[in-house]
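Have a look at the structure below, then the notes.
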Amino acid sequence: MFLRYAKMKVHRLSSFRNSSAGYATFVIHTLKVDMSIRALWIVPIIHQSNANLLQNSIIFTRQFPLVEKKARSSNGEDYISLPNPTEFSNALLFELGYRDEEKFIQKRDTCQRVDRKPVLEVATSLGTIWPVVVVEQRGLLLCCLPLVPENSSTRPDLIQIPGVSIGFSLLCGLADFLRQCPPTEVSQKSGDLHLYLNTSVPFGRISDVNCDTVMAKMYNRPSYLPKSRKQPSWKPVLHKGKNTLYLALTEHIRAVQFNKENVPDTFDLYGTVSCKSDLEVALSDITINLAYTSQESATPLDNLLIHPCVQSADCSMLQKGETKAAPRRIRFTPPTEMFTLCHYTAADIKELPIKAVYDMKMTDNKVSLTIHLTLSDRVKNAFEYCEMQIPFHNRGVIASQDSSVSQGSTIVSPDKKILVWNIGQKFSKSLTAALEATVVFTDTRSSGTLDDPFCKDQNAYAKLFFKIPDFTHSGCCIDSKSIQVSPSTKFKLNTVHEYMSGEYKVWNGNGDVLSSSVPTTLLEQPADL
């Protein structure tokens, strides 16, 4: 089933994942509420098969006695003490499905259970601890347990626990701090981790979640700000060096092609603008325009979702039937780190960038397939990469394959479950490409594979992956001539435009497909309902 990209109302970001560390720090210094954490853990992801590692399944833990004392006094008889690190890590891995992953556990795996990730409840021998905030990063689980507000006889809504959102931002900052360190070496950085937490979470109370500013305090970097100028609390250290402004516009296309008369193809287009500002000023005010390379082929942006640092923006919603593509002007004060300035959608695209037809038939342990691709003449014919992957579920491993391609080459994946067609960096003059192949499988299935239960017999799909630099499907671009910085300063501008595939599936026309449609009774309801 293909899920359409959600229609977004224009408002300032307030969700966990779209909140920047700078904005979270602003909240910390503004709200007069307790945003403390009782404990923090770093747990490696270890599967059940690695039984010899279960006794050493945690690499870092930090508890805060002052916060724990407050939790004990405020919760009274409902207080549940923290489990030992090994018990917590094993309970967490079980909760996330890394323990007993081949078994169906009613309490854990039922579809009736409400999933509130990244917040979990972890059952231990001492009781259930909640809310545990978890961020997965490069094979590690970064976890913290925020302090629940006092006098909470029942569980409050997550929105009423400031420590949850700020704790999530803390873990994201900690993930940035550990990004340059291989997961196997994290345990060796125990001293650095304690110093980081002493700076960002003194005595368990979260004071700063921005990785850059925490590291600046850790290593006592000097500030070059004149005494006559006011320094914001979320930017304690100014950039020293060449003034640069980096802006990247990344556009994604997500599509499912069915090649059936009764099931229409579906697709949507969405993009983001990312920014990194390295300017030798305390508070820079930047204005940019999202314009179009050509008005004739431009697709208007129908939704614009902006970052909290944006001071003003042209966020007007498109009226029904409106087709004019007007520039969007955005004025903002950037935080220190790289951040997503805005998200947008462009629903009025007329055609897919690459039209694909997948025809596959199977007999016994052999499959015959053909794939035809046609590139739209509106799309730039210059790829950084273009590749099609044809997975084979619920079958044995690939024993052999005989293929013929009009361009590019084919290989079999290391696990012998996927046929990979490397199409190349450019389509031919006819803007078409074709693949014909015969694939033979072994009689036995490979162990340990998790196959899609729907993809049996001729129910199958192929996935397309591509990236086109210096191009966007909507025609949207960053107008470099319109960029203004206040106070005025010379800077080097780096802009990037790129067009990428999201989930881009093509179903086999000879099999069944996963699709859904809005019931007719709902379509007939009055508009005011």
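The values are calculated or read from the model by the stated rules, or taken from the named source; none is laboratory data. Since the structure is predicted, the reported quantities are computational estimates derived from the model, not experimental observations. As a convention, Cβ positions derive from the backbone with ideal geometry for all residues, glycine included, and neighbour counts pool all protein chains shown.
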Check: Of the residues that sit in the range 205-236 and are part of a loop (DSSP other than H, G, I, E, B) and of a type in the set (V, I, T), which one is modelled with the highest pLDDT?
Finding: I206
Check: Counting just the residues of the range 186-222 that are surrounded by 16 or more Cβ atoms within 10 Å (Cβ to Cβ) and of a type in the set (G, A, S), which one comes out nearest to Q63 (Cα to Cα)?
Finding: G204
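With A356, A346, A291, A282 as the choices, which residue is over 23 Å from the mean Cα position of the chain (by Cα) and buried (at least 21 other Cβ atoms within 10 Å of the Cβ)? Steps first, answer last, please.
Working: A346 fails: over 23 Å from the mean Cα position of the chain (by Cα); A291 fails: buried (at least 21 other Cβ atoms within 10 Å of the Cβ); A282 fails: buried (at least 21 other Cβ atoms within 10 Å of the Cβ).
Of the residues listed, the single one that is over 23 Å from the mean Cα position of the chain (by Cα) and buried (at least 21 other Cβ atoms within 10 Å of the Cβ) is A356.
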Checklist line | Among residues of the range 486-515, those that are among the β-branched types (V, I, T), under 22 Å from M338 (Cα atoms) and assigned to a strand (DSSP E or B), counted | finding: 2
Notebook entry, point to check: What number of residues within the range 459-472 satisfy the criterion of being in a loop (DSSP other than H, G, I, E, B) and touching a strand residue (DSSP E or B) at 6+ places or on another chain (Cβ under 6 Å)?
Noted result: 4
Check: Can you tell me which residues in the range 257-279 are assigned to a strand (DSSP E or B) and surrounded by fewer than 21 Cβ atoms within 10 Å (Cβ to Cβ)?
Finding: K260, V263, T266, F267, D268, T272, S274, K276, D278
Note to self: If I ask for residues that are part of a loop (DSSP other than H, G, I, E, B), at pLDDT 80 or above and out of contact with any helix residue (DSSP H, G or I) (no Cβ under 9 Å at 6 or more places or on another chain), which ones from the range 293-337 would you list?
What the structure shows: T293, S294, A298, T299, P300, L301, D302, D314, A326, T333
Next item on the list: Search the range 171-200 for residues that are free of Cβ contacts under 8 Å to residues at least 24 places away in the same chain and pair each with any residue that is basic (K, R) when their beta-carbon atoms are under 7 Å apart and the residues are at least 6 apart or on different chains.
Entry: C181/K189; T199/K217
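Taking the residues in the range 363-422 that are in a loop (DSSP other than H, G, I, E, B) and aliphatic (A, V, I, L, M) as candidates, determine which candidate is nearest to G511 (Cα to Cα). Working first, answer last.
At the first step, the residues of the range 363-422 found to be in a loop (DSSP other than H, G, I, E, B) are 364-365, 376-384, 392-397, 406-408, 413-417.
Of the ones still in play, those that are also aliphatic (A, V, I, L, M) are 379, 382, 397.
Numbers: V379: 30, A382: 33, V397: 21 Å.
Selected residue: V397.
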Item checked: Evaluation of R331 against (1) under 26 Å from A298 (Cβ atoms); (2) loosely packed, with under 15 Cβ neighbours inside 10 Å (one fails), failing number -> (2)
Note to self: Condition first: closer than 23 Å to D265 by Cα, charged (D, E, K, R) and over 29 Å from the mean Cα position of the chain (by Cα). Can you find one or more residues in the range 388-401 that meet it?
What the structure shows: no
Check: A433 passes all but one of (1) of a type outside the set (V, I, T); (2) in a loop (DSSP other than H, G, I, E, B); (3) under 17 Å from T370 (Cβ atoms); which number fails?
Finding: (2)
Check: Name the pairs whose Cβ atoms lie under 8 Å apart, with the first residue in the range 387-410 and free of Cβ contacts under 8 Å to residues at least 24 places away in the same chain, the second surrounded by fewer than 17 Cβ atoms within 10 Å (Cβ to Cβ), and 6 or more positions between them or separate chains?
Finding: S409/N422
